[in-house]
Amino acid sequence: MRHTISVLVENKFGALTRIAGLFSGRGYNIDTLNVAPTQDPTASRMTIVTHGDEATLEQIVKQLNKLVDVIKVHDFRDGEYVDRELALVKVKVDSESRAEVMQITDIFRAKIVDVQPKTLTIEITGNESKVEKFLDLMKTFGVVDLTRTGKVAMPRK
């Protein structure tokens, strides 16, 4: 089962290394990891997506709470949070496929951010499912390059 964990950490040298080390040292896998500053310049928020059963997740949360630089850990349950992901996708196009790629991009409310003679670079944001569906459609045209941010999440309340 996949879990989304939000970790508020102090902006101190080595905090990310210690948290990543906790996961690797105990054999837990990180599916995605996103770190960015918050409105407080002394803190950053890490959004970690991992998988495991309830007992594994409980152990991860306990271990995170023991780390010195960790301010707060929140294990998000389904429906308790809003999440988004950003992907940049470079798609192969020719004169015949360009209009179709642009139409699909429009349907998904994505945005073309770069136009080249043989490629289009598209920015798409949304939940993981939306991004995955868009990428599946783009595979038929040929994905030249791809980068994704991983999930970011905030509680609804």
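The values are calculated or read from the model by the stated rules, or taken from the named source; none is laboratory data. Quick caveat, the model's predicted, so the values are computed rather than measured. Note: ideal-geometry Cβ built from the backbone for every residue, glycine included; neighbour counts use all protein chains shown. The protein model used for the area step is the full one, side chains on, heavy atoms only, and it has no ligands, DNA or RNA in it. Shrake-Rupley method; radii C 1.70, N 1.55, O 1.52, S 1.80 Å.
Given R₀ = 41 Å, what would the calculated FRET efficiency be for LYS157 paired with ASP94, taking r from the Cβ atoms and rounding to 0.05? The value I calculate is 0.25. For region 24-75, the list of trypsin sites (Lys or Arg not before Pro) that fall in a loop by DSSP and count at most 16 other C-beta atoms within 10 angstrom reads ARG26. The residues of region 1-148 expose on average 59 square angstrom of accessible surface per residue, using a 1.4 Å probe on protein heavy atoms. For TYR81, the amide hydrogen comes within under 5 Å of the amide hydrogens of ARG156, counting only partners 5 or more places away or on other chains and with H modelled in the peptide plane.
Would you mind calculating the relative contact order of the chain from Cα pairs under 8 angstrom and at least 6 residues apart, reporting the percent as a whole number? Could you put the intermediate results ahead of the total?
Working: 274 pairs, mean separation 43.4, N = 157.
Once normalised by length, the contact order is 28 percent.
For region 11-63, what is the relative contact order in percent, using Cα pairs closer than 8 Å and at least 6 residues apart in sequence?
31 percent
Each Cα pair under 8 Å and six or more residues apart adds its sequence gap; the mean of these over the residue count of region 94-157 is a relative contact order of 23 percent.
Could you work out what % of the accessible surface of the chain is carbon and sulfur, using a 1.4 angstrom probe and leaving DNA, RNA and ligands out of the count? It would help to have the intermediate numbers written out before the result.
On the way: 5020 of 9500 Å².
Reported share for carbon and sulfur atoms: 53 percent.
For region 15-157, a simple Cβ point-charge model (Lys and Arg +1, Asp and Glu -1, everything else neutral) yields a dipole of about 320 debye relative to the Cα centre. Between the amide H of THR119 and those of VAL93, distances stay under 5 Å, these residues lying 5 or more places away or on another chain, with hydrogens modeled in the peptide plane.
Within a straight-line Cα-Cα reach of under 17 Å, LYS62 can be paired with the following aspartates and glutamates, leaving aside sequence neighbours fewer than 8 residues apart in one chain: ASP53, GLU54, ASP75. Sequentially through region 77-94, phi angles give Karplus couplings (6.51, -1.76, 1.60; θ = phi - 60°) of 9, 3, x, 8, 9, 10, 10, 8, 9, 10, 10, 10, 10, 9, 10, 6, 9, 9 Hz, Gly and Pro residues having no value and appearing as x. The alpha carbon centroids of region 26-59 and region 96-157 are separated by 25 Å.
In the structure shown, do any of LYS66/LYS90; LYS12/LYS130; LYS12/LYS151 have a Cα-Cα gap over 31 Å, and if so which?
Working: LYS66/LYS90 42 Å; LYS12/LYS130 35 Å; LYS12/LYS151 23 Å.
Long pairs (Cα-Cα over 31 Å): LYS66/LYS90; LYS12/LYS130.
Dividing the helix sum by the residues of the chain, where each DSSP H run of 4 or more adds -39500 (n - 2.57), gives a mean residue ellipticity at 222 nm of -9000 deg cm²/dmol.
Can you list the chymotrypsin sites (Phe, Trp or Tyr not before Pro) in region 1-67 that are in a DSSP coil and have 13 or fewer other beta carbons within 10 angstrom?
Details: sites: PHE13, PHE23, TYR28; in loops: PHE13, TYR28.
Passing sites in region 1-67 are PHE13.
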